[in-house]
Each structure stands twice: as structure tokens, then as C-alpha cells.
Amino acid sequence: MSKIKQNIFQEFPKISTSQWEEIIKADLKGADYDKNLITKTIEEINIKPYYRPEDIENLNTTKQIPGEFPFSRGNNSIYLKNKNRQKIIVNDCFDANKKAIELISKGINSICFDLSTKEKIKIGDFVKLFEEIDITKNEINFILGKNALNIIKLFKEVVTFKQVNSDEVFGSMDFDPLGFITLTGNKFLSKNYSNYDDLKSTFDYLHNNFPNFRIININASIFPNSGATAVQETAYALSMGVEYLSRASAEKIELEKLIPKIQFTFGIGSNYFMEIAKFRAIRLLWAKIIKAYFPKNPDFGKMYIHAQTIESNKTIYNPYINILRTTTETMSAIVAGVEAITVNTFDSGFKTPTELSERIARNTQIILNEEAMLDKVIDPAGGSYFIESLTDSIAKDAWKLFLETEAVGGYYEALKKGLIQDKIEETVKKRKIDFTFRKTILLGANQYPLQNETAIEIINNEIYYKESEEITTEIRPLKPFRGAIEIEEIRLKTEISGKTPKVFLLTFGNISMRKARAAFTSNFFACGGFQILDNPGFETIEKACEQVKYQKPEITVICSSDDEYLNIAPEIYNKLKNETIIVIAGNPANNEELLKIGITNFIHIKSDLISTLSDFQKKLNMN
């Protein structure tokens, strides 16, 4: 068999990159190579059309194996199953306990109890929270409120009550004052809250009583959920980490004891390969930073990563597509070798999650591990020409941004000066432009919407309309960003108005052009919740106009070729101008002639989806 393979390969000569490039340029026939074949991401990284061995031959990361410094290929040489984490908001300890038991029975092995709204909690209630839960087999994580240290002390009593050794308990708490002020703009007001002032006392207590508990949780998922790029998320997470190390050092905390107790929480977006590369790059850079502190023990550079699916790319229309998004997001995190994953439910952005949506979220990770067997392979992306190159690009750009942040005094100083907010808000502006001109596609929202779909009846207003009060803050906070919200608000306005405007597609002339423009128009107006009246095509203008008068649409879109518009549009306009709004599908070069006769509405690939649909709503008195 090996001889046969060798003979087969000998039949195909090796082709150099320069030879490939010559063929590509010939096929382009003079067209611009970069414009047609190079893709620039929102991170300003150029993606080439293909990658070859020479793209990675000078990268040191390809020479390491998993478990070796700088850990871009993961922390372990033997793959360890990623934790399946799910959050439970604790309003009532008894109910939360029952839910935790149910989740554990269905595959969850990392419970996160959200106690941030609990001002006070009795020991009896707290004991109930952990009844029938084996805290040595299931990771226990806490999101805490104003009495963080007191609750951890209550957990110590639970451990004692269960007669369990503290070193058998694994988990984390969410000490993250930098994350808090980034989100809210204000510092913690209570001395008992997870403030910088509490770092030493909280660390000492956890180190002495829960040696396997992570105390600091650097919540970098704030950044992608505010619209940041993968590079920005990586750089600012590193900067937050360094700031915590500096503060801990000032508080006389031994860093070699603290560093293993740091957890990073990252968001997972839908740019599949970018997300895999991001996690690999962040491990590499953190290891590089920690090596500066402990050059003789590189193992301190191992990063514990908890990843969770983001909200900024989710939609309320055609919401089941969110399941596909969370699936690819979860897959990229598993492939990248993160330690724990929270898969948020597909409906969490607009309603209280149902039992079904929680089950789907939970089973997404289980299926990828148990049936797709992704957890049986260590670093499956290792050696990929593309992913290794992308990892290197993210690492270089993130390191540059990290150094810029450190140069102004570190994360907190950059936040106070508004530098971090400015950079992320600039990215958000680009995202909005890409979305409204459909360079970035969110299926079901700004492209390929389900016609006649409604969402009003499924929305929980308290969850969907998260309008924060206007309050004075010490620092300008980051604002949550969700790409689909502007087009969703337009479509919701259509629903609320009680009117469903009809859009008649007057298809005439060149068959291929009228079909293409009819499809474009259908997608365009359906994004606003308008009803589309499609047609196979008309033989005469008279028959087309008769059908328009019969259907009585609010909008009529002429779908034809640029060459035919000047001949057919004047007659159509004169026959229908008092019956309906006339629109041209396309941007013909002779539109000045069309403007002269009164046709002022054009839709095409350069049209602003949001403002155009909003303008039509105003013309139809739908405000």
C-alpha cells in the first residue's frame, strides 16, 4: 500500500506558491488581486485565499506539543474533558437546589449559582441549596453580591456539614471589580462587596480554606458583548490580568499562590476559525506575561478558560438559527481546548428560557463531546496553515494593543480616560455599517427573513427592552451591543402598527435580471415585516399595471434590467403614480432621467437597509 501511495504522489509534481500565484493572476484577467481575493476582517487582519507550509515555517508555536509552554495548544498533554457549566439564578434556595439536581442528572458537571441579588441568606437556606449534591464531583461556581466573603464562609459551613475535605472541592467565585466598573461605570459601594480592598482578606480565606477555588474571574466576555473584536477582547483581558497581579503584589499577596486561582471568562462568537485562533493566542500571550514574573517555572503560565456563547449576534426573528450559532461557537471553544463552557439558551435575549431551550443548550456541548467526539482529540487545529497563521496575527495585534494600554498606565487608567470605550465604540460603528449594508449577514434579521413571522407574542418586555436608567457614573461604561436590534425594532414597529404593507414585484423584461432583482427586493422588504407579492413576470406593461390596481399594494417595485428601465419605467410611473409608491430595483446609470419624471425611490446593494425601511414606514404613516 505504501508503494502505491508513493507512486501516486510521484505522478503529481510539486507546485510552488509563485506558480499558483501566476495562474491566479492570469485567471483574474487584470482584476485587482487584493480587492477580489483578500478578505479584511473587523480586526483589520488580512485573510489570504489560501495558505501553504511556508506560512507557518517560522512560527515557534508549531514546534511545541500540547501541555508545553507557551500553551497555545492547550494546558495538557492528555486531553481533559471540558466542563459543561450552566447558571442558576438563586431566588429561592429550595427551588435552585431542585434545579441543580436535575441539571446534574442530565449531564451538567459545573454549576454556577448566581446569588448577586441576595442581600442576606440564612445558613439553613444555604445548606438546602446543596442538599443531595456531591460537591466533590461537581464544580461549584458563584456569582456573588454585596456579601461575597460572608457567603463563601457559609459555603465553608456547608462543606463541614457534609464532612468533606475542602481540598476536594473545586470551583470559583467572581472577584472582578474591574469588570464591574467596566459594565456599570461605578466602583463597588460596599466594603463587603468584591472590592479591591477585599482582595487580601478574600484571598487569604480562600487560600486557607478552599485551595482549589479560583478567586479572580476576569470577565472578558464583556468586550464581545459590547461589540469588541477578538483582538480587543484579547488585549484588554491581558491588561486586566496584569492589573490584578500588580494590585495583588501591592497587597503583599504571593503571586505564585494567586496566579493558579485566576479564571478568565471569554465570549465565543460565530467567526469559527477566528475564535479558535483567539483562544490559542490568548494562552500564548498570558504565558509570555507570566514568564516575565516566573522565568524558572513556565507552568505558572497555564490559563484556566471559561468560555460562554455571546449575545451580540443573536436574533429574535427566526430565533432557532441561534441554536446553529451557539453550536458553532461551542465547537470552536472545544476545538481550542478551553476548560469550561456555558452555552446560553437561544432565547435568553428576549424571554425567560424554557425547559426545552435549556435542554438544547445543555445537550449542544454533550453531543459535540460524546457523539462528535471532539473531546477525544488534543488540539485538532494544531498544524493548520490557516489557523496557525491566524493565531500569530491575533497574537501580534493583541500584544501591540496591550502595550498601548499599558503605556497609558494600565487597564483602569485607559478606562478612566475613555480610550478603551472609544476603540470599542469605533468598532461598533463599523459593525453597524457592515450590518446595515449587509456586508455582515445575520440570517433571519438582515437577510433571508422568514416572511409573515411575528415576534411580539414571544417577547418578554422586561428582558428584551433593557433600557438602563440615566445615572451619573464615575467612568463611562461599555454599552451592550446586539447587531440585529435596529432592524428588529423596524420589524416590530410594523407588527405594532397593525399594518402590513404589501410590496408588489412588477417583474418585466430580461428574465435573469428580473428574477435576481425580485429576489433581492423580496429579502430587502421582508426584513421590515412587509408582505411580498411575487410574480413570474408580465408580458405587457398593461397587464402588469392591471394586476397592481387589483392587488392595491402600498409599494410597487419594478424589477428589470438597467437597460430597460428608461423605456418601461416612465409608462409604469404615469399609470400608477396615484395608486402606489413606485420603486426601482437597482441603481441604473441613467437614474437622472428617471428622477426627472418623478421616480425617487431606488433600492440596491449599496442601500442603507435600516434608514431605507424606516423612510418607507414614515411615508406609510406607520410611526
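Close amide H pairs (under 5 Å, H built 1.01 Å from N) link ILE268 with GLN308, THR309, ILE310, residues at least 5 positions away or on another chain.
For region 499-619, the Cβ-based charge dipole about the Cα centre amounts to some 420 debye (Lys, Arg positive; Asp, Glu negative; other atoms uncharged). Highest mean packing comes first when the peptides 492-500, 50-58 are listed by Cβ atoms within 10 Å, giving 492-500, 50-58. Each peptide in 543-556, 226-239 receives the mean, over its residues, of other Cβ atoms within 10 Å, and ordering these scores from highest gives 226-239, 543-556. Ranking ILE282, GLY337, PRO319 by how far each Cα lies toward the positive end of the dipole of region 60-419 (charges on Cβ) leaves ILE282 at the top. The antiparallel fraction among DSSP beta bridges confined to the chain stands at about 5%.
Take the Cα pairs of the chain, get the Kirkwood Rh, then feed it into Stokes-Einstein at 37 °C and 0.692 mPa s and tell me D in µm²/s.
Details: Rh = 27.5 Å.
Here the translational diffusion coefficient equals 119 µm²/s.
Under 16 Å from a label point set 7 Å out along the Cα-to-Cβ vector of HIS207, the amide N atoms of region 259-278 belong to 259-263.
Highest mean packing first, where packing is the average number of other Cβ atoms within 10 Å per residue, the peptides 79-87, 95-103, 599-607, 357-365 line up as 357-365, 79-87, 95-103, 599-607.
First measure r as the distance between the Cβ atoms of TYR465 and ILE89, then evaluate 1/(1 + (r/R0)^6) with R0 = 22 Å and state the FRET efficiency to the nearest 0.05. Intermediate values should be presented prior to the final figure.
Working: r = 19 Å, r/R0 = 0.88.
According to the calculation, E is roughly 0.70.
Spacing of the modelled spin labels on ILE441 and ASP34, each 7 Å from Cα toward Cβ, amounts to 2.7 nm. Between the listed residues ILE558, PRO536, GLN547, the Cα displaced farthest toward the positive end of the dipole of region 527-566, a dipole computed from Cβ unit charges relative to the Cα centre, is found at GLN547. Distant-in-sequence amide contacts of ASN601, defined by a placed amide H-H separation under 5 Å and a gap of 5 or more residues or a different chain, comprise ILE584.
Of all beta bridges that DSSP places with both ends in region 499-619, some 0 percent have antiparallel geometry. The trypsin sites (Lys or Arg not before Pro) of region 5-75 meeting both criteria, a DSSP state outside H, G, I, E and B (loop) and at most 11 other C-beta atoms within 10 angstrom of the site's C-beta, are LYS14, LYS29. Using just its DSSP H runs of length 4 or more, each adding -39500 (n - 2.57), the chain gives a mean residue ellipticity at 222 nm of -14000 deg cm²/dmol after division by all residues.
Which length gain, in nm to one decimal place, applies between ILE23 and LYS606 when the Cα-Cα distance is subtracted from 0.36 nm times their residue separation?
Roughly 206.7 nm would be gained on extension.
On the basis of the beta-carbon distance and an R0 of 51 Å, LYS416 and LYS596 show a calculated FRET efficiency of 0.35. Charges were assigned to the Cβ only: +1 to each Lys and Arg, -1 to each Asp and Glu. The resulting dipole of the chain about its Cα centre is roughly 420 debye. Note on the chain: dipole from Cβ charges, positive end direction compared against GLN232, THR580, SER77; the farthest Cα belongs to SER77. Within region 115-168, the GluC sites (Glu not before Pro) that combine a DSSP coil assignment with at most 15 other C-beta atoms in a 10 angstrom radius are GLU119, GLU131, GLU132.
Counting residues in region 238-325 as N, plug N into 2.2 N^0.38 Å and put the Cα Rg over that result. Please report the intermediate quantities before stating the final value.
On the way: Rg = 16.8 Å, N = 88, 2.2 N^0.38 = 12.1 Å.
Cα-based Rg divided by the globular estimate yields 1.39.
Residues whose amide H comes within less than 5 Å of that of ILE581, counting only those at least five positions distant or on another chain, are ILE555, THR556 (H built at 1.01 Å from N in the peptide plane). Largest first and in whole Å, the equivalent-ellipsoid semi-axes of region 499-619 read 19, 16, 15, each the square root of five times a Cα gyration tensor eigenvalue.
Values in this text are rule-based calculations from the coordinates and carry no lab data. This structure is a prediction, so every number in the text was calculated from the model and none was measured. As a convention, Cβ positions derive from the backbone with ideal geometry for all residues, glycine included, and neighbour counts pool all protein chains shown.
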